[in-house]
Structures are given as structure tokens and as C-alpha cells.
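The values are calculated or read from the model by the stated rules, or taken from the named source; none is laboratory data. As the structure is a computational prediction, the values presented were derived from the model and not from experiment. Neighbour counts run over all protein chains shown; Cβ positions are idealised from the backbone, glycine included. Just the protein is used for accessible areas: all its heavy atoms, side chains included, with ligands, DNA and RNA removed. Shrake-Rupley method; radii C 1.70, N 1.55, O 1.52, S 1.80 Å.
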Amino acid sequence: VQLVESGGGLVQAGGSLRLSCAALGRTFSRYFMGWFRQAPGKEREFVAAINWSGTNTEYADSVKGRFAISRDNAKNTLNLQMNSLKPEDTAIYYCAAAQWISTARNPGQYNYWGQGTQVTVSS
């Protein structure tokens with residue numbers, strides 16, 4: 001499956017952005033989906049994940065209560081609504097897909113990755 005992110009940009013602290021990830025190719029509903037981010041000089045870190053049907057979600061503590069992950073299997077789309085953004089949220093955001101998952105927070109378990117979209121939050 002090919003993943004294409006969109007929706008990144010520059011926003012002031014306290015603002016909102018909505019990221020989207022379009023899945024091209026194989027059946028989107030067969031994949032467990034996640035969002036990760038990577039800031040300059042830092043390792044890629046887990047942000048949020050959602051199961052195949054969209055009934056279960058998981059979040060990093062740093063974004064819990066501010067970000068919301070969702071999916072639309074009919075439209076082959078994954079979304080990340082980001083509210084109350086902080087300068088420390090600045091990073092390249094990646095969507096990722098996994099056919100089988102045991103630990104959603106482990107990037108090594110994801111089979112496919114998008115090219116990333118830049119999110120910059122100014123103070």
C-alpha cells in the first residue's frame with residue numbers, strides 16, 4: 001500500500017491542524033494504522049494509532065487530550081486532528097501501516113510508511 005500525507009504547515013502555538021493520509025493500492029481496512037513524528041536530531045516517536053475497524057485508539061502521553069486519530073475505510077483515509085498545538089509538536093509527521101501488530105508504539109512493526117509532512121508550531 002502507498003501512503004501519502006497532507007495537511008502539514010506552519011501554525012501558531014495554540015492553533016490546530018488536521019493531517020490526512022491517503023492510502024493507495026491494497027484494501028485500507030486490512031491495515032492497522034499509526035502516526036509517528038520525528039523532530040530534528042531526535043528519534044522517530046509514536047504519536048497515535050488506530051485499529052482496523054477504528055474502534056480502538058492509542059495515544060502518546062504527550063498528545064493525549066489534544067490529538068485525535070480517526071479513519072474512514074470507505075475513503076481509504078487516515079486523519080489526525082491536532083489541537084492546542086505546542087512548539088514541541090514541531091516535527092515531520094509520518095503515517096504508517098501494519099498488517100499485523102503486537103505493539104502499536106513500535107515503529108519496527110509497521111510495513112509501509114508515507115513520505116512525511118512538516119508541521120511547524122511557532123511560539
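A few comments on the model shown:
- Dipole magnitude of segment 1-88, debye to nearest 20 (Cβ charges: Lys/Arg +1, Asp/Glu -1, about Cα centre): 160
- With every protein chain in place, the chain: carbon and sulfur % of accessible area (1.4 Å): 47
- In plain terms, the bigger the Kirkwood radius, the slower the diffusion; for segment 1-70, with that radius from Cα pairs, at 25 °C and 0.890 mPa s, Stokes-Einstein puts D at 180 µm²/s.
- Net length gained if the chain between residue 16 and residue 115 were fully extended (0.36 nm per residue, minus Cα distance): 33.5 nm
- Near residue 52: Cβ cut-off under 12 Å, other residues only, Lys/Arg at +1 and Asp/Glu at -1. The net charge is +2.
- Taking each residue as 0.36 nm, the span from residue 24 to residue 66 lengthens on full extension beyond its C-alpha to C-alpha distance by 12.3 nm.
- Debye equation applied to the C-alpha atoms of the chain, log10 I(q)/I(0) at 0.10, 0.17, 0.21, 0.23 Å⁻¹: -0.26, -0.77, -1.18, -1.42
- 24 Å Cα-Cα reach of residue 86 towards lysines, excluding residues that sit fewer than 8 places from it in its own chain: 42, 64
- Extending 7 Å from the Cα toward the beta-carbon at both residue 6 and residue 38 defines two label points whose distance is 2.4 nm.
- Furthest towards positive pole of dipole, 7, 84, 54, structure part the chain, Cβ charges: 54
- Cβ-defined net charge surrounding residue 98, 12 Å radius [Lys, Arg +1; Asp, Glu -1]: +2
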